[in-house]
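Written below as structure tokens is the structure these notes are about.
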Amino acid sequence: MVAPAPTVLVATRKGAWLLHADTTRRKWRLDGPHFLGHVIHHLVLDPRDRRTLLAAAKTGHLGPTIFRSTDRGRTWTEASRPPAFPKARRGEKGRVVDHTFWLTPGHPSEPGAWYAGTSPHGLFRSDDGGATWEPVPGLNDDPRYREWMGGAQDGTPDGPKLHSVIVDPRDPAHLYVGMSSGGVHESVDGGRSFRPLVRGMEVVEGFDVADVSFHDPHCVRICPARPDRLYQQNHCGIYRIDRPSEEWQRVGKAMPSSVGDIGFPMVVHPRDPDTAWVFPMDGTTVWPRTSPAGRPAAYVTRNAGRSWRRLDSGFPRRHAWWTVKRQAMAADGGKPVGLYVGTTGGELWASRSEGRSWSCVARHLPEIYAVETGAFAR
Amino acid sequence: MKVLIPSPLRSYTGAAEVEAEGSTLGEVLADLDRRHPGLRFRIVDEQDRMRPHVRFFVDGVQVFDLGRRLAAGESVQIVQALSGG
């Protein structure tokens, strides 16, 4: 069976673009800009109806909001109640959503349900396709979590991120989230309560591994073909966990020592739980976060992390100093799987061969924040 | 009362100058939001604080308090402090 033609959804610091492929994934048509000048942190197509697009938007001077389209981005409607923290009681300092960072469609049995992760840390849920959003108090207001989350000054330079909101495809009540920093967490009751899932994860040398707030997952992915397996790219290595185990294994130790296992994105194969991809970065000294030695490459494991292979055919061989952010690498559902990498230099690189060779399919875009794939309903 | 709208917010109003009613700046912004849904949250956060890169003026004088009372004949100007590349 021929997989439907994919669309790559590209979110950038200055707008969004849709890159439509033909069924061979050899020809691409760039559609955009959408929201020119707006900061778009995530653009996601709902896989349940293959029609609804949600975009997490703000500008440098306007507050954050969510836009929704059901006509391939021709028209957009703004959420009437975007993610926002509750108004604080008098005398208390209230939290303010700076931007929505992450969007996740809900379980197939809950049409219209979506989750949003924000900066600073907050988890929000919509039950009407993204028109109105409510905080998830089981996480946002739990006193332990408030401590682990820290404040707006903690976390990454662009603010702490609640990311990697994962819904178990077998159970809508089973959720995972990542907090950068603040650990990986699990809920088995639909978000009414969460608990940490950080055992086995390392933290920066000299800090207490038992303190959840020091844990910094960069990107966590669940394997669709084996939802008990998750992979994680962390500030301190690449990990895998096979539930019901409670302990992450640092599978990145099998990476070449000259490259290391630091990076941001993590991508899993849609059908093979033993296959996953990462895009390593230079995490030495001041953390340049460029490709190590200016030589970009993805790495793949075909055996659940026991070994890794370099995939750099087609990428520049030297002096390529761009960065791939945590949301800016994605796979499609094709056979073989297509991979997509968006760079801080505004280039989109694609592979039709599961990473064996790469070509640049769009360039001169603004800094790319996120890349997702989807296939629109005809 | 006349309200001057900066260009980043004209997708809501469709015009550079619009009308809104209220006896305080906060009431004018609430009325603006009723007439142009979504506009207020882009410039005032969920804690009712003015967002960092937005400035409010009444007859050319900067105002920092949403409770500022407005007299008949006064007008409101909203300005975006554009910065960055």
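The values are calculated or read from the model by the stated rules, or taken from the named source; none is laboratory data. Quick caveat: nothing in here was measured; it's all calculated off a predicted structure. Note that we place each Cβ from the backbone using ideal geometry, even for glycine, and neighbour counts take in every protein chain shown. Please note that ligands, DNA and RNA were not included when accessible areas were found on the heavy atoms of the full protein model with its side chains. Shrake-Rupley method; radii C 1.70, N 1.55, O 1.52, S 1.80 Å.
How far apart, in nm, are two points set 7 Å out from the Cα along the Cα-to-Cβ line at residue B:68 and at residue A:293?
6.0
Per DSSP helix of 4 or more residues, -39500 (n - 2.57); summed, then divided by the residues of chain A. What does that give at 222 nm, rounded to the nearest 500?
Helices in chain A give a 222 nm mean residue ellipticity of -500 deg cm²/dmol.
Going by a ≥ b ≥ c, the root eigenvalues of the Cα gyration tensor, does region A:10-55 fall in the rounded group (a/c under 1.5), the prolate group (a/b larger than b/c) or the oblate group?
Judged from the Cα gyration tensor, region A:10-55 comes out oblate (a/c at least 1.5, b/c at or above a/b).
Whole-Hz Karplus ³J(HN,Hα) for region B:5-18, in order, using 6.51 cos²θ - 1.76 cosθ + 1.60 and θ = phi - 60°, x for Gly and Pro?
10, x, 4, x, 9, 6, 5, 7, 9, x, 8, 7, 9, 10
What number does region A:260-342 give for Rg over Rh if you use C-alpha atoms and the Kirkwood radius?
The Rg/Rh ratio comes out at 0.96.
Lysine pairs in the protein assembly as shown with alpha-carbon atoms under 24 Å apart, 8 or more places apart or on different chains: how many are there?
12
Counting only other residues whose beta carbon sits under 11 Å from that of residue A:352, what net charge do I get with K and R as +1, D and E as -1?
After counting each charged neighbour, the total is +2.
Full-extension gain between residue A:254 and residue A:171, please, as 0.36 nm times their residue separation minus the C-alpha to C-alpha distance.
26.6 nm
Within chain B, what's the longest run with no GluC sites (Glu not before Pro) in a DSSP loop and at most 15 other beta-carbon atoms within 10 Å? Give the range, please.
B:22-73
Once you list every other residue whose beta carbon is under 9 Å from the beta carbon of residue A:180, what net charge do they have if Lys and Arg are +1 and Asp and Glu are -1?
Local net charge: +1.
Pull up all non-local amide H partners of residue B:63: gap of 5 or more, or a different chain, and H-to-H distance under 5 Å with H placed in the peptide plane.
Result for residue B:63 returns B:56, B:57, B:58.
Run the simple label-point estimate for residue A:51 and residue A:193 please: 7 Å along Cα→C-beta, distance reported in nm.
So the label points at residue A:51 and residue A:193 sit 4.0 nm apart.
To the nearest 500 deg cm²/dmol, what mean residue ellipticity at 222 nm is calculated for chain B from DSSP H runs of n ≥ 4 alone, each contributing -39,500 (n - 2.57), summed and divided by the residues?
-5500 deg cm²/dmol
How much of residue A:110 can a 1.4 Å solvent probe reach, expressed as accessible area in Å² and rounded to 10?
Accessible area of residue A:110: about 50 Å².
What distance in nm separates the simple spin-label points at residue A:242 and residue A:147, each placed 7 Å from Cα in the Cβ direction?
Modelled inter-label distance: 3.5 nm.
Relative contact order for chain A: what is it in percent, counting Cα pairs under 8 Å that are at least 6 residues apart?
13
Under 1.5 on a/c is rounded, so check that first for region A:129-224, then, if it is not, pick prolate when a/b is larger than b/c and oblate when it is not; a ≥ b ≥ c are the square roots of the alpha carbon gyration tensor eigenvalues.
The shape class here is prolate.
One-quarter of the Cα convex hull surface for region A:111-181, in nm²?
With every direction weighted equally, the projected area is 4.9 nm².
Search the structure for amide H atoms under 5 Å from the amide H of residue A:243, placed 1.01 Å from N in the peptide plane, and list their residues when 5 or more places away or on another chain.
A:229, A:230
Can you list the HN-Hα couplings for region A:229-234, worked out from phi with the Karplus curve (6.51, -1.76, 1.60; θ = phi - 60°), rounded to whole Hz and with x for Gly and Pro?
Those phi angles translate into 10, 10, 10, 9, 9, 10 Hz.
Please state the relative contact order of chain B as a whole percent: Cα pairs under 8 Å, 6+ residues apart?
Across chain B, relative contact order equals 35 percent.
Kirkwood Rh over alpha-carbon pairs of the protein assembly as shown, then Stokes-Einstein at 20 °C and 1.002 mPa s: what D in µm² s⁻¹, rounded to an integer?
93
Let's test the formula: R0 of 41 Å, r as the Cβ-Cβ distance of residue B:75 and residue A:90. What FRET efficiency results, to the nearest 0.05?
Efficiency, rounded to the nearest 0.05: 0.85.
At 1.4 Å probe radius, can you tell me the per residue accessible area of chain B in Å²?
49
If you wrap a convex hull around the C-alpha atoms of region A:41-188 and split its volume per residue, what is the figure in Å³?
111
Using each residue's phi in region A:258-275, evaluate 6.51 cos²θ - 1.76 cosθ + 1.60 at θ = phi - 60° and report the 3J(HN,Hα) Karplus result to the nearest Hz, with x for Gly and Pro.
3J(HN,Hα) across region A:258-275, in whole Hz: 6, 9, x, 10, 9, x, 10, x, 9, 10, 10, 6, x, 10, 10, x, 8, 10.
Going by amide H atoms built from the backbone, whose H comes under 5 Å of the H on residue A:369, apart from near neighbours?
Placed amide hydrogens put A:11, A:12, A:13 under 5 Å from residue A:369.
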